[in-house]
Amino acid sequence: AFSRANGDLGLGLREIWAVSPNVIHEAVFIYSGEDDVTNSATDTVGIDVLDAFEGGSAGRKSAQTNRNYHFSNLFWREGPRVTFKAGAEITHERSSSVSQDDFAGLFTFSSLADYEAGRPLTYRVTQGDPFLEVDQTEVGAFVQADWHVNRRFTLFTGLRYGRQSMVDDSDNVDPRLGFAYSLGASTIDRGGAGLFHQDVDLFLIEEVVRVDGARQHEVIIS
């Protein structure tokens, strides 16, 4: 068994400025924080007897604090034939954690008879430094133009760029192209294509950094 306590807090501020009847500027700031603590009911070694039972420690012991700061702004200008949009955003994340999962060790037995005879199949334990702090900054910017070719046909063109500080990849240029065509009073045909990059979650980066062989490592004895 294990217990878990979790708490989070969020705060958002949004400003919209009507510069003129055709021009709008929008700014958004969001702060979010989360605290998570997990503890096994016992700190004894874990026992896993295949197809029989599990006992001892659940192998869960960790505490994590995440803080996230996000700022974005959008510029929008609507003309008689072309609507222009441009924006940028920046997100900074910080994670501080203490992870001692599987520090108590785990014996695995292939059968109940082997358990009674004291013949484990494997022993597995994680060792090393449980403390870790990771910071990451993500930035992105885009431009988009919607061309009203005529009353029936609209062409959408756009370009986006994104970058992460913890990922060694800087050629993330994403073009977009789409259209909307009115077939009649009640039917609109839409289509589009583009290149999309997805940010790598800070949780995945944290796991890679934690088990890099210098901070933590796993020992498995057959």
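Normalised by the number of residues in the chain, the mean separation of alpha-carbon contacts (under 8 Å, six or more apart) gives a relative contact order of 15 percent. Using Cβ point charges alone (K and R +1, D and E -1), the dipole size of region 144-192 about the Cα centre works out to roughly 360 debye. Modelled spin-label separation between Leu112 and Leu155, with each label point placed 7 Å from Cα along the Cα-to-Cβ direction: 7.4 nm. Distance distribution P(r), region 40-85, all Cα-Cα pairs, bin width 5 angstrom from 0: 5, 13, 11, 8, 7, 5, 6, 6, 5, 6, 6, 6, 8, 6, 2 percent. Share of the chain's accessible area from carbon and sulfur, percent, 1.4 Å? Reported share for carbon and sulfur atoms: 57 percent. Dipole magnitude for the chain: about 1300 debye, using +1 per Lys or Arg Cβ and -1 per Asp or Glu Cβ, origin at the Cα centre.
Here the relative contact order of region 1-105, from alpha carbon pairs under 8 Å that lie six or more residues apart, stands at 27 percent. Taking every alpha-carbon pair under 8 Å whose residues sit at least 6 apart, region 60-132 reaches a relative contact order of 31 percent.
Using the alpha-carbon positions of the chain, Rg (one decimal) and Dmax (whole number) come out as 26.5, 84 Å. For region 93-204, the solvent-accessible area with a 1.4 angstrom probe is 63 square angstrom per residue. Only loop residues by DSSP count here, and only those with at most 14 other Cβ atoms within 10 Å; note down the chymotrypsin sites (Phe, Trp or Tyr not before Pro) in region 103-198 that meet that. Here the sparse-neighbourhood loop sites are Phe196. Site pair His70 and Asp36 shows an inter-label distance of 1.7 nm when each label is modelled 7 Å from Cα along Cα→Cβ.
Peptides 61-67, 76-82, ordered by how many other C-beta atoms sit within 10 Å of their residues on average, highest first, read 61-67, 76-82. How much net charge surrounds Ser95 when only other residues with a Cβ under 10 Å from its Cβ are counted (Lys, Arg +1; Asp, Glu -1)? Around Ser95, the surrounding residues sum to -3. With a cut-off of 14 Å, note down the residues of region 108-147 whose backbone N falls inside the zone around a label point 7 Å from the Cα of Arg163 toward its beta carbon. Under cut-off, by backbone N: 137-142. Extending 7 Å from the Cα toward the beta-carbon at both Arg4 and Val219 defines two label points whose distance is 2.9 nm. Near Thr108: Cβ cut-off under 14 Å, other residues only, Lys/Arg at +1 and Asp/Glu at -1. The net charge is -4.
Here's the picture: charge each Lys and Arg Cβ at +1 and each Asp and Glu Cβ at -1 in the chain, and of Ser110, Gly140, Ser32 the one pushed furthest to the positive end of that dipole is Gly140.
The values are calculated or read from the model by the stated rules, or taken from the named source; none is laboratory data. Model, not experiment: these values are computed from the prediction. In this analysis, Cβ positions are derived from the backbone assuming ideal geometry, glycine residues included, and neighbour counts consider all displayed protein chains. Quick note on the areas: whole protein, heavy atoms, side chains included, nothing else; ligands and nucleic acids left out. Shrake-Rupley method; radii C 1.70, N 1.55, O 1.52, S 1.80 Å.
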